[in-house]
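Step one of this worksheet: look at the structure below.
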Amino acid sequence: MTLTIGQAAPDFDVLNQHGEKVSLTSFKGEKNVVLLFYPFSFSGICTGELCALRDDLSAFANENVQLLVISCDPMYAQRAYADQEKYSFPVLTDFWPHGAVSKAYGVFDEARGCAVRGTFIIDKAGILRWQVVNGLGDARNLEDYKAAIATL
């Protein structure tokens, strides 16, 4: 599925690294959302990207913006990963049904069973305002996200 800028972003209801339910609609009317899909917890590029977000968190998680990161790894792996890297933002699991959220956003790699590097910025009304999809081995440019967030 390919998403179009200006359309409603697909809702989801998944668990974070603490086993708490998180849905996109819970932020509607309250915060813009940066939804970042990544392939695998504990992998090199993914860890580098998420640690860069952690180290510049105020740009991506503040009174106007909520950062949500998600992969197809199970909740317990997400918890170990978030604890090891000291991530204070929600690390969501798209484990079961396997890849359902990734598929809804058009970033699931069927051959590898994981999400590719997709990033989506969703406004407070739940409308998709910006997106970029990178391949598995292509790290993202966080400055692009900051510029997109600034337009909201």
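The values are calculated or read from the model by the stated rules, or taken from the named source; none is laboratory data. What you see is a predicted model, and the numbers here were worked out from it, not measured in a lab. Methodologically, a virtual Cβ is constructed for each residue, glycine included, from the backbone with ideal geometry; neighbour enumeration extends over all protein chains shown.
Points to keep in mind about this one:
Each row is one residue, and each column tells you yes or no for (1) of a type in the set (Asp, Glu); (2) under 11 Å from residue 16 (Cα atoms); (3) in contact with a Cys (Cβ under 7 Å, 6 or more places away or on another chain).
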position	(1), (2), (3)
59	no, no, no
65	no, no, no
69	no, yes, no
72	no, no, yes
81	no, no, no
89	no, yes, no
103	no, no, no
114	no, no, yes
124	no, no, no
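- Long-range neighbours under 7 Å by Cβ, at least six apart or interchain, first residue closer than 15 Å to residue 43 by Cβ and free of Cβ contacts under 8 Å to residues at least 60 places away in the same chain within region 60-83, second among the small types (Gly, Ala, Ser) and assigned to a helix (DSSP H, G or I): 72/102
- Matching residues in region 30-49 - criterion: being under 26 Å from residue 112 (Cβ atoms), at pLDDT 95 or above and of a type outside the set (Val, Ile, Thr): 35, 36, 37, 38, 39, 40, 41, 42
- Cβ-Cβ distances below 8 Å connect the following pairs, each with a first residue in region 1-29 that is modelled with pLDDT under 95, a second residue that is surrounded by 11 or more Cβ atoms within 10 Å (Cβ to Cβ) and among the basic types (Lys, Arg), and a separation of six or more residues or different chains: 1/103.
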